[in-house]
Amino acid sequence: MFFGTLSIVRTKPLQGGDLFRDAADFFTANPNIKIRAVVDKERRPVGAVSRTHLLAKASGKFGRALFDNRDIHGFLEDKTYVVTADQRLTDVFADVSAKDVTSAPEGYILVGPDGRYEGVIDGLVVLRALLSQNATLIGDLNREVVDRRSAEEDARRLADTDILTGLINRRVFIEALDHCIQANDPAVLVFVDLDRFKYLNDKYGHAVGDDVLCKTAERLADWSADALPARLGGDEFAVLIRHAERNQDLLNELEQLHTLLCEPTVSKPGVVNVGASLGIAFYPHDATSRGDWLHAADKAMARAKSNNGGIKCFDAAQDLAHDKQSQLSDALRTAISNNLLQPAFQPIVDIATGEISGYEVLARWNGPELDFVPTPSEFIPLAEREGLIEEVFWCVTRKAFKAYTDYGLDLKLALNVSPIQCRNRQFVSRLEELARRSGIALKNIEVEITETTMFRDMTDTVAVLQELHELGVSLALDDFGTGYSSLSLVKDLPLSKLKIDKSFVQSAATSRNARKIVSAAVGLSKALNMKCCAEGVEQNSQLAYLRKLGCEYGQGFLFGRPDLDLSRASLPRLKAAG
Ligand code: C2E
Ligand code: CA
Ligand code: CA
C-alpha cells in the first residue's frame, strides 16, 4: 500500500513569519488535524508542528502569553517524516519503528516528486492502513498456512495410500492393527492373495494386471462399510474388521467376499479370471501380538493356497505343524548344502550260515541345526516332496561308498532308492560313475525300491531298473506286502530279492494273517527264483519261524542296529543262528 492512496489533508503549510499563535488557533479551529507542515520559500518542508505538542504548550498557565508571538520555527517536532505518494507504508513504517519504537509519528508530510509540499497525512490514518494491510497479510498468511497444511495432508495421504489402487498401504494398515491390539478390540484380519495373478501379468502385460488389482481394490472397498481394506504389495491385499468375533455369520460374509473377489473381470483382452485365496486370523483368539497375528493369517493363507485357493481360518494344530514342516525343510536344505547327512549301516544276515551277507545303508541326520533328531520316516518323505531326495541320496551314498572301501569290504551294499529317482535316466550313469571312482563292484550294489503309489507311470522306472540290472546291480523290492501292486511289480521287474516288511514279521507271532503273508512271500520268492529277506527281526522266536519257512536273509535288532560306524555294525555275528 502506498501513501498516495491514503486520505491527504491539503492544508496550507506554515512558513517563515508565521507565529505560534497562528498554529495554535488553527489546531483549535480544526480539531481533526494533527499536524501541520512548515515549509521554506520554495515550499520544501523544513519540519512540522504537532497538534498535541502545541496545544499542550498553549494550555499551560502562561502558555499563550509566553509563546503566542514566537516564530513557529521554534516549535518544530524533533522527527519529521517526509514521504512521497509512491512510497510504501510498510517501508516507511519499518524505518520509523526501527528508529523509534515508543511512539508512532503524529503525521507525515507528503511532498510531490519535486520535493515540494503537497499535504499532510494523519499518523493514525497510516497506522490504520497498516493494520488493515496487516490484516490482509495475516489473512494471506493464514491462507498460506491452510494451503500448506492441506499440501502436507495431501503428501501424507500420498504416503499413506497405495498409488495404484487408492487403498491404504501396508504401513497404515499395520498401525490399524496396532490400534486394535492397544484397545484390546476383538477383530479379524483377512489376508487376500490373488491366484494366477503372476501368470496373468506375464501373459497379458502389466496394464491388464493393474486393471485386475484396481478391480480387486474396488471390490474390497465396496464390500463392507465396517471393513478397512489395504493393499500390502503386489497382489496381496488385507482387510481388517474391528469389533468382530468369530461366528458363523461373519464366516458366511467372508465366504461372500471370496465369491465376489473370484468374479471375472473385464479388461482389455476380454474377460479375465483370477481366483483369490483368503487367510483369516482372529485377535485375540488366534494371536495376541501383531507379529503372531500376521503370522497366523499368513499360515492360514498358505493352507488356502496349497488347497488351490479358497478360504481358511487359522488353525493352531494344522498351521503350526505346517510351520514345523517348513522349518524342517529349511533345515534339511542347510544340512544338505553343509553335507551333514550320514549313512548308517545295518547288517543283513544269511540265516543259514549266520554270516553277514551285506549292509543296508540308512540315512541319518543328527545335525546341530535342530533341537530334535528327525527320523528318516520324517525327512525322507519331506525330501521327496521338496525335490531334495536326489541330493540326500548322493550325499549319503558318497559317504557310504567311501566308508565301505575304507573298510575293505567285499559284501553287498543295499541302497534305498526313491521311485522318483528311478524316473531319471541319468541315475544309472551317475551311480555307475560313482561306483567306479569309489572302487566298488557293481555286483556288490543292491538297489532297494519301495512300491508306492508313485509307480503310476512305470515306463521310465522299468527302463531305469532294467538298465541297472543289466549292469549287474541287483534289485530288491522293499517293504513287500504294504503296497497294492506287489504282484504286478514282481512280474514286470528284474527283481532278485523280496524284503518282507517288518510289520508282518513282528505280528507273525500273534496274527494268523501276518503269518500267511510271510509264508506266502517266502513261497513267492522261491517260485520266482528270488531270495527273501525278513526285516525287523527282533526275537529268536521270529528267527526260528523264518528259518523254518526257508527265508534266506534276516535283518533286525536281533542281529544289529543301524550304526554310523561300519566297523561296529560288522561286529555282531548271528549269535542266535545256531
Ligand atoms: P526301510 O528301508 O524298511 O529300513 C528299515 C527300517 O527299519 C530302518 O528304519 C531301520 O532302522 C528299521 N529297523 C531295522 N531293524 C529293525 C528292528 O529289528 N526293529 C524295528 N522296529 N525297526 C528296525 P529307518 O532307518 O528309520 O528308516 C525308515 C525308512 O526310511 C526306511 O525303511 C526307508 O524306507 C527310508 N530310508 C532310510 N534311509 C533312506 C535313504 O537313504 N533313501 C531313501 N530313499 N529312503 C531311506
Ligand atoms: Ca530299505
Ligand atoms: Ca523295508
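The values are calculated or read from the model by the stated rules, or taken from the named source; none is laboratory data. Since the model is a prediction, treat every value here as computed from it, not as a measurement. Please note: Cβ atoms are built from the backbone with ideal geometry, for glycine as well, and neighbour counts cover all protein chains shown. The accessibility values were calculated without ligands, DNA or RNA, using every heavy atom of the protein model including side chains. Shrake-Rupley method; radii C 1.70, N 1.55, O 1.52, S 1.80 Å.
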First compute the accessible area of the stretch 3-160 with a 1.4 Å probe, then give the percent of it belonging to carbon and sulfur atoms.
54
Hey, any idea what % of the stretch 463-532's accessible area is carbon plus sulfur with a 1.4 Å probe?
52
Give me P(r) over the stretch 338-569, computed from all C-alpha to C-alpha distances, binned every 10 Å, as integer percentages.
7, 33, 38, 20, 2
Hz values of 3J(HN,Hα) by residue in the stretch 532-544 - Karplus curve (6.51, -1.76, 1.60), Gly and Pro given as x
10, 10, 9, 9, x, 7, 10, 10, 4, 5, 5, 4, 4
Among G112, F393, F26, the residue whose Cα sits farthest towards the positive end of the charge dipole of the chain, when +1 is placed on the Cβ of each Lys and Arg and -1 on the Cβ of each Asp and Glu, is F393
Could you grab the Rg to Rh ratio for the stretch 43-133? Cα atoms only, Kirkwood for Rh.
1.02
Hey, if you put +1 on the Cβ of every Lys and Arg and -1 on every Asp and Glu Cβ in the chain, which of A521, G554, F75 ends up farthest toward the positive end of that dipole?
G554
nm² value of the averaged projected area, convex hull over the Cα atoms of the stretch 3-160:
12.2
Per residue, the convex hull enclosing the alpha carbons of the stretch 333-437 has a volume in Å³ of 130
CD proxy, 222 nm, the chain: helix-only mean residue ellipticity via -39,500 (n - 2.57) per DSSP H run with n ≥ 4, per residue, nearest 500, stands at -14500 deg cm²/dmol
In the chain, if the dipole is taken from +1 on Lys/Arg beta carbons and -1 on Asp/Glu beta carbons about the Cα centre, which of A56, Q87, Y404 is farthest to the positive end?
Y404
With r as the distance between the Cβ atoms of A159 and T334 and R0 = 25 Å, compute the FRET efficiency 1/(1 + (r/R0)^6) and round to 0.05.
0.05
All-pairs Cα distance distribution in the stretch 472-563, expressed in whole percent, bin size 10 Å:
17, 53, 26, 3
Computed Kirkwood radius, in angstrom, where 1/r is averaged over Cα pairs of the stretch 170-314:
15.3
Here the gain from full extension of Q87 to R10, 0.36 nm per residue of separation minus their alpha-carbon distance, amounts to 25.9 nm
Which whole-number percentage describes the relative contact order of the stretch 200-248, with Cα contacts under 8 Å and a sequence gap of 6 or more?
22
Local electrostatic count, V212, Cβ distance below 15 Å [Lys/Arg +1, Asp/Glu -1]
-3
Karplus 3J(HN,Hα) series, Hz, for the stretch 149-162 with 6.51 cos²θ - 1.76 cosθ + 1.60 (x for Gly, Pro)
4, 6, 5, 5, 5, 4, 4, 5, 4, 5, 5, 8, 10, 7
Translational diffusion of the stretch 253-297, µm² s⁻¹ [Kirkwood Rh, Cα pairs; Stokes-Einstein; 25 °C; 0.890 mPa s]:
195
With R64 itself left out, Lys, Arg at +1 and Asp, Glu at -1 over residues whose Cβ is under 12 Å from its Cβ give +2
Helix 248-262 against the longest principal axis of the chain: what's the angle in degrees, Cα atoms only, rounded to the nearest 10?
90
Using only Cα atoms, tell me the angle between helix 206-223 and the longest principal axis of the chain; keep it within 0 to 90° and round to the nearest 10.
80
At 4 °C and 1.567 mPa s, the Stokes-Einstein diffusion coefficient in µm²/s for the stretch 391-472, with hydrodynamic radius from the Kirkwood sum on alpha carbon pairs, is 98
At a 10 angstrom cut-off on C-beta neighbours, averaged per residue, how do the peptides 437-444, 125-132 rank from highest to lowest?
125-132, 437-444
For the pair N273 and R398, how long in nm is the line joining their label points, each one 7 Å along Cα→Cβ?
4.7
Sites matching trypsin sites (Lys or Arg not before Pro) across the stretch 339-427 that sit in DSSP coil, with at most 14 neighbouring C-beta atoms within 10 Å:
R425
Taking the Cβ of D286 as the centre, find all other residues whose Cβ is under 15 Å away and add up their charges (Lys, Arg: +1; Asp, Glu: -1).
-2
Give me, ordered by chain and number, the residues 5 or more places off V447 or on other chains with an amide H under 5 Å from its own placed amide H.
L415, S474, L475, A476
Hz values of 3J(HN,Hα) by residue in the stretch 375-389 - Karplus curve (6.51, -1.76, 1.60), Gly and Pro given as x:
7, x, 5, 8, 8, 5, x, 4, 4, 5, 5, 8, x, 10, 5
Enumerate the residues in the stretch 258-300 having an amide nitrogen under 17 Å from the point lying 7 Å beyond the Cα of A207 toward its Cβ.
266-272
Once you put a point 7 Å from the Cα of H243 and another 7 Å from the Cα of R148, both along the Cβ direction, what distance in nm separates them?
3.9
Per residue, how much accessible area does the stretch 338-569 show when a 1.4 Å probe rolls over the protein heavy atoms, in square angstrom?
46
Quick one, can you get me the convex hull of the C-alpha atoms of the stretch 256-414 expressed as volume per residue in Å³?
209
Two-decimal Rg/Rh of the chain from alpha-carbon positions, Kirkwood Rh?
1.50
Could you tell me how many degrees, from 0 to 90 and to the nearest 10, lie between the Cα long axis of helix 290-306 and the main elongation axis, the longest principal axis, of the Cα atoms of the chain?
50
Can you give me the distance in nm between label points at K305 and D71, each placed 7 Å from the Cα along the Cα-to-Cβ direction?
10.3
Electrostatic dipole magnitude of the chain [Cβ: Lys, Arg +1; Asp, Glu -1; Cα centre; debye, to 20]
600
